[in-house]
Amino acid sequence: MKILVINGVNLNMVGIREPDVYGKKDFKALVEYIKETGKNLGLSVTHYQSNYEGDICTQIQKAYDRYDGIIINAGAYTHTSIAILDALKAVNIPTVEVHLSNVYEREEFRRKSYISLYAEKVIVGKGFDGYGEALKYFADKKYC
Ligand code: DQA
């Protein structure tokens, strides 16, 4: 089972940015956690990070017919990007949306997610473990 994990804008600053909100562990640790957890679950995981909306859309387009699942934390684009929503709809790949923080308990503007209009599951506020839960969700699906 091939899974594409996408981290969007500013996620590469994890560990440096607002550690009280996003934690003290850095981005390298996040990518290692994702790859290691995926491997342990028997998944083939590709990780991609970009700060550019169009590049994220291109990466989603390239996933067409190549991946069985997408896990996406689009960062702030979550709340603004119809383009990313449309790209996800275009490729029609099962998608789980992840956020490190609990976006429902923060500023009002973080409560709206375009990606949630497509994602079949949304995981918030669990830090790195949210990615682990998303990977497990796909691993469990394999046997359904
Ligand atoms: C985030 C939440 C977003 O609102 C924010 O813009 C981010 C990170 C999270 O993982 O909690 O960049 O997606």
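Yes or no: Tyr114 of a type in the set (Phe, Trp, Tyr), within 10 Å of the ligand (Cβ to nearest atom), out of contact with any strand residue (DSSP E or B) (no Cβ under 9 Å at 6 or more places or on another chain) and within 20 Å of Tyr52 (Cα to Cα)? Break it down into steps so the answer makes sense when it comes.
On the way: of a type in the set (Phe, Trp, Tyr): yes; within 10 Å of the ligand (Cβ to nearest atom): no; out of contact with any strand residue (DSSP E or B) (no Cβ under 9 Å at 6 or more places or on another chain): yes; within 20 Å of Tyr52 (Cα to Cα): yes.
Criteria not met by Tyr114.
Please find, among Ile56, Ile60, Ile72, the residue that is outside any loop (DSSP other than H, G, I, E, B), in contact with a Leu (Cβ under 8 Å, 6 or more places away or on another chain) and more than 10 Å from the ligand (Cβ to nearest atom). I'd like the intermediate steps shown before the answer.
Details: Ile56 fails: in contact with a Leu (Cβ under 8 Å, 6 or more places away or on another chain); Ile72 fails: more than 10 Å from the ligand (Cβ to nearest atom).
It is Ile60.
Just the residues that are part of a helix (DSSP H, G or I) and touching a residue at least 24 places away in the same chain (Cβ under 8 Å), please, taken from region 32-53.
Scanning region 32-53 gives Tyr33, Ile34, Thr37, Gly38, Glu53.
Name the single residue, out of those in region 95-104 being within 12 Å of the chain's Cα centre (by Cα) and not charged (D, E, K, R), that is surrounded by the most Cβ atoms within 10 Å (Cβ to Cβ).
Ranking the candidates gives Val98 first.
Looking at (1) within 16 Å of the ligand (Cβ to nearest atom); (2) surrounded by fewer than 19 Cβ atoms within 10 Å (Cβ to Cβ); (3) part of a loop (DSSP other than H, G, I, E, B), can you tell me which one Asp65 breaks?
Asp65 satisfies all of (1) within 16 Å of the ligand (Cβ to nearest atom); (2) surrounded by fewer than 19 Cβ atoms within 10 Å (Cβ to Cβ); (3) part of a loop (DSSP other than H, G, I, E, B) except (1).
For region 75-94: of the residues being more than 11 Å from the ligand (Cβ to nearest atom), part of a helix (DSSP H, G or I) and β-branched (Val, Ile, Thr), which is most open to solvent (accessible area, probe 1.4 Å)?
So, considering only residues that are more than 11 Å from the ligand (Cβ to nearest atom), part of a helix (DSSP H, G or I) and β-branched (Val, Ile, Thr), the one most open to solvent (accessible area, probe 1.4 Å) is Ile82.
Among (1) part of a helix (DSSP H, G or I); (2) more than 12 Å from the ligand (Cβ to nearest atom), which single condition is Asn12 missing?
Condition (2) is where Asn12 drops out.
Please list, ordered by first then second residue, the pairs with beta carbon atoms under 9 Å, 6 or more apart or interchain, first in region 101-129 and in a helix (DSSP H, G or I) and modelled with pLDDT of 95 or more, second among the acidic types (Asp, Glu) and within 10 Å of the ligand (Cβ to nearest atom).
Between residues of region 101-129 that are in a helix (DSSP H, G or I) and modelled with pLDDT of 95 or more and residues that are among the acidic types (Asp, Glu) and within 10 Å of the ligand (Cβ to nearest atom), the close pairs are Ile115/Glu97; Ser116/Glu97.
The values are calculated or read from the model by the stated rules, or taken from the named source; none is laboratory data. In this text the structure is predicted, and so the values were computed from the model without any measurement. Because the Cβ atoms are built from the backbone with ideal geometry, glycine has one as well, and the counts that use them run over all protein chains shown. Protein only, heavy atoms only, side chains kept; ligands, DNA and RNA dropped before computing areas. Shrake-Rupley method; radii C 1.70, N 1.55, O 1.52, S 1.80 Å.
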